[in-house]
Amino acid sequence: MAYLNSAVDVLQVPVIGRILRGRWGRLILQVPLVIFAVVLVIDGLTGPVEASRNLATVAPWVHYRGLVVLALLLAGNLFCMACPFTVPRTLAKHLSIRGKRFPKILRNKWIAILSLFTLFFLYEWLDLWASPALTAWLIVAYFVASFVMEAAFTESAFCKYVCPLGTFNFVYSSVSPTQIGVKNPAMCAACVGKECVNGSYAPQVAIRIDQIPVFNADGSSNSTQPKEIRYSPAGTLGCGTELFAPQIKSNLDCTFCLDCVRACPHDNASLFIRQPGRELTQPESWAKRWDLSLLVICLAFMGVTNAFGMVPPIYELQAWMIRNLGFQNELPMLVIIFGVGNLLLPLVATVITAGLSKVFADSDFSVREITAAFAPAFVPVGFAIWFAHYSFHFLIAPFSIFPVFQEFLGQSGNWAAFSGAVDLQVIGLLQMVVLVGGFLWSMVLAQRAALRLYQRAGLPGLLPWALLLLLLMLAALNIFSMPMEMRGTNFLFG
Amino acid sequence: MLLRLFMLMLIGLMAAGCRQDAPATDNPNIQIELIVNSERIVVGETLLFVQVYDAEDNLIDGAKVNIRGDMSHAGMTPVIRDIETGRDGQYETSFEWTMAGDWFIDVTVTLPDGTQDKERFEYVVGVP
Ligand code: SF4
Ligand code: SF4
Ligand SMILES: [Cu+2]
């Protein structure tokens, strides 16, 4: 175990491990979700227009979001693992190896930042949360976009560069307790085909004989033996997001599809238990790029804005903008509120904070390097903000999907039996614990980054970042202490 | 093969997704009024009054009244009340506005002779 120092291989779990590693492992997870997605679309387009009675709104906005953050915290990126939108890649492999590579200039996270921005903006502007039909069309759009990009490019460009759900999961699976790794790095060094990334799929059967090392009990090797490596239509495509198993240090970009595990002819790649959030403490696990750092920081700010969209002050702010700035309709106001809160503010705050940190610590590092060092510290606090928000919606009606489903099937919904909910006060307490916990975790990460980067001047260099993290946490705490309102925003204009 | 199976499933689902339409539609012979017992509607317990009239504006007694309050946003359990007894055409029930925001209340009235009427009322519920 090169990077993980973990001996616990999740895929060695009896039965489940075998199923997951098997050729159809991903499809077994995907098919139920595809069927479910089709059900949502049908209900969204033909069912009741009331959001609280329609699967298309209840399932994604209450249950998906609540469960996805829980899964990220406790297990890993389980949604991407079972993602229904990527079924074409699993089924029609020939489709996925034609085409070109995604344009080089776009191989970064800028589009992903914009698509997250767009999703949260549309959510607020179109009141997706209150509209089954629009949510259904959003699901259709995901299928189309994923299919088109899967067919046009060799890699999974949609997952890696565009998909907002995937991007959210990539960023916050960095807190997860699992990660892809290899059992024996020496095997990888000797591996000829690197099938984990290149794939074992071929339209026609092809066989290659590799000389592979024979390992002694102590891990050394002084002999090799021939091994038949088989490429065939039954093989697996290599990693769709182009990760190389022996070098993986982070869950970023990993969809947990396990294709690397299936493709490796030496049974060397697997999914391992690791210390939760391990990569956040390792300075080398993330590339020092602006797009990546800003993605993580913006996503934390987006968590605040998204929650702000649900409390009374946003209505006051909009009313004020109408009165004093003469706005005539909602679109430009939301563009400004979201543009400032989700893009401009994090950008400006980051540059100022990194600049101050550089000056205070009298450091030779560039602003980009400093930002990259502190960006991982925005993961726990950002995750806590999203977790607090999504679990709120989930916990006030955790079983509501059952009666809605009963009604979908034409029965009468047994609401009395499924009306269980967690007390609002308990949820409030949970939110507070989560936010403070996330903040403290962030502070530990920021402090380590400061010591690593600035050594003796760690404290002054840490100060601006600590302040920014504190402000984020306090803003979120403040918002969650207000009563949430579930209303459309259109009322302002009648 | 898989594709065909999938199409089959799809058709099956289309057929299964046959939600029954609400039995009651607007009935011109019945009028429903919903009265909310407070000036400003805020989160918390309250009383709701329903009055049922016939075409000649006479109050109707002995109807079954069902009240279902939903929020216009996904993810709130509806508040459902059944009122069996009413006096002088007045039907009263306790009701809880469980969350601030946009609500709509569907009142379904079933007369002793089985005729039905359904009416929707919308409210904005504020914080106390
Ligand atoms: S994980 Fe498997 S396929 Fe990939 S380099 Fe290692 S041995 Fe080769
Ligand atoms: S490393 Fe690549 S192939 Fe392996 S699970 Fe992650 S996304 Fe899939
Ligand atoms: Cu919310």
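Structure values in brief
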| quantity | calculated |
| --- | --- |
| Dipole of chain A, positive end: most advanced residue of A:ILE352, A:PRO398, A:LEU243 [Cβ charges, Cα centre] | A:LEU243 |
| Chain A - convex hull of alpha carbons, volume per residue in Å³ | 170 Å³ |
| Pairwise FRET efficiency - A:ALA234 versus A:VAL13, Cβ, R0 = 22 Å, nearest 0.05 | 0.35 |
| Cα centroid separation, the range A:132-195 to the range B:79-125 (Å) | 49 Å |
| Cα-centre dipole for the range A:286-493 with unit charges at Cβ (Lys and Arg positive, Asp and Glu negative), debye to 20 | 560 debye |
| Between 0 and 90°, nearest 10: helix A:65-74 axis offset from chain A longest Cα axis | 40 degrees |
| 18 Å Cα-Cα reach of B:LYS64 towards aspartates and glutamates, excluding residues that sit fewer than 8 places from it in its own chain | B:ASP26, B:GLU33, B:ASP54, B:ASP82, B:GLU84, B:ASP88, B:GLU92, B:ASP106, B:ASP113, B:ASP117, B:GLU119 |
| For A:86-94, mean number of other protein chain Cβ atoms within 10 Å | 1 |
| Accessible area per residue, Å², the protein assembly as shown with all protein chains present, probe 1.4 Å | 44 Å² |
| Kirkwood Rh, angstrom, the range B:84-128 [1 / mean 1/r, Cα pairs] | 12.8 Å |
| Complex-versus-alone comparison for the range B:45-81, residues with a loss of 50 Å² or more in accessible area, probe 1.4 Å | B:ARG68, B:HIS73, B:ALA74, B:GLY75, B:THR77 |
| Where labels lie 7 Å past Cα in the beta-carbon direction, separation of A:ALA189 and A:VAL340 in nm | 5.7 nm |
| Exercise: per-residue mean of other protein chain Cβ atoms within 10 Å, A:42-54 | 4 |
| Net length gained if the chain between A:ALA457 and A:ARG208 were fully extended (0.36 nm per residue, minus Cα distance) | 84.0 nm |
| Carbon and sulfur %, accessible surface of the range A:1-106 computed with the full protein complex present, 1.4 Å | 72 percent |
| Within straight-line cross-link reach of A:LYS109, aspartates and glutamates at Cα separation under 20 Å, skipping those fewer than 8 residues along the same chain | A:GLU150, A:GLU155, A:GLU242, A:ASP253, A:GLU279, A:GLU284, A:ASP291, A:GLU369 |
| Rule-of-thumb Rg ratio for the range A:286-493 [Cα; 2.2 N^0.38 Å; N residues] | 1.23 |
| Summed buried accessible area for B+A [probe radius 1.4 Å, Å², rounded to 100] | 2900 Å² |
| Given A:LYS160/A:LYS288; A:LYS227/A:LYS249; A:LYS100/A:LYS288; A:LYS93/A:LYS183, the pairs whose alpha carbons are separated by over 25 Å | A:LYS227/A:LYS249; A:LYS100/A:LYS288; A:LYS93/A:LYS183 |
| Given charges at beta-carbon only (K, R positive; D, E negative), |dipole| of the range A:1-285 in Debye | 540 debye |
| Cα long-axis angle, helix A:312-325 against chain A (0 to 90 degrees, to the nearest 10) | 70 degrees |
| Other protein chain Cβ atoms within 10 Å, averaged over every residue that makes up B:95-102 | 5 |
| Amide H within-cut-off set for A:GLU242, under 5 Å, with H built and near neighbours excluded | A:SER156 |
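The values are calculated or read from the model by the stated rules, or taken from the named source; none is laboratory data. Only a predicted model underlies this, so the values are computations on that prediction, with no experimental measurement involved. Note that each Cβ is placed from the backbone with ideal geometry, even for glycine, and that neighbours are counted across all protein chains shown. Surface accessibility is based on the protein's heavy atoms, side chains included, excluding ligands, DNA and RNA. Shrake-Rupley method; radii C 1.70, N 1.55, O 1.52, S 1.80 Å.
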